[in-house]
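What follows is calculated from the coordinates using simple rules that are stated; it is not laboratory data. Everything quoted here is computed from the prediction, not taken from an experiment. Glycine gets a Cβ as well: all are built from the backbone with ideal geometry, and neighbour counts include every protein chain shown.
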Amino acid sequence: MRKQGKNASKTKKPAIGTTSGTLKKYFTTSQLTTRWGVSAATIIRLIEEGQLRGLKIRGVYRVERQSVESYENKVSF
């Protein structure tokens, strides 16, 4: 039987919505449609109007987490 030293690491699963214990930097349009209950077309329109910031790579949109949080604060009541 091997003894584990004090530096032995334990495997821990990352929290939901995170990667390796850190928050993801971008949301997909699919994630935002689920989060807000709107269509993908609405998300894309918000991006094209400049209300959300992100990336478009080969036709696939990614929206910055900071932009999403800022928009949610702006429209919440």
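Applying a threshold of 6 Å to beta carbon distances and a minimum spacing of six or more residues, or different chains, the list of pairs starting in segment 25-40 at a residue that is surrounded by 15 or more Cβ atoms within 10 Å (Cβ to Cβ) and ending at one that is of a type in the set (Val, Ile, Thr) and in a strand (DSSP E or B) reads PHE27/VAL63.
Number of residues in segment 44-64 that are more than 14 Å from SER30 (Cβ to Cβ), assigned to a strand (DSSP E or B) and basic (Lys, Arg) equals 1.
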